[in-house]
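Okay, so here's the structure we're looking at.
The values are calculated or read from the model by the stated rules, or taken from the named source; none is laboratory data. These numbers come from a predicted model, not from an experiment. Counting neighbours? That spans all protein chains shown, and the Cβs are built from the backbone with ideal geometry, glycine included.
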């Protein structure tokens, strides 16, 4: 890394629309990947995902923000299709 450059922390917020928590996590991780591919200097990381209906002060933080897998949320282990 070039010693003449200063490292900056940048906090970003964005809204994603999805039919459920799984798809919101999927979309958030797709955007994170896109940012990291677009810039060699980017190291984007998701720190929080929450549900906030439009024009509402209500906010619910998701406990699980990990990259979703096909078996997420499926108690019996069967594929969702």
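Could you count how many residues in region 46-81 are part of a loop (DSSP other than H, G, I, E, B), modelled with pLDDT of 90 or more and touching a helix residue (DSSP H, G or I) at 6+ places or on another chain (Cβ under 8 Å)?
Count: 8.
Being over 22 Å from residue 63 (Cα atoms) and touching a residue at least 40 places away in the same chain (Cβ under 8 Å) is the filter here; which residues of region 1-44 pass it?
none
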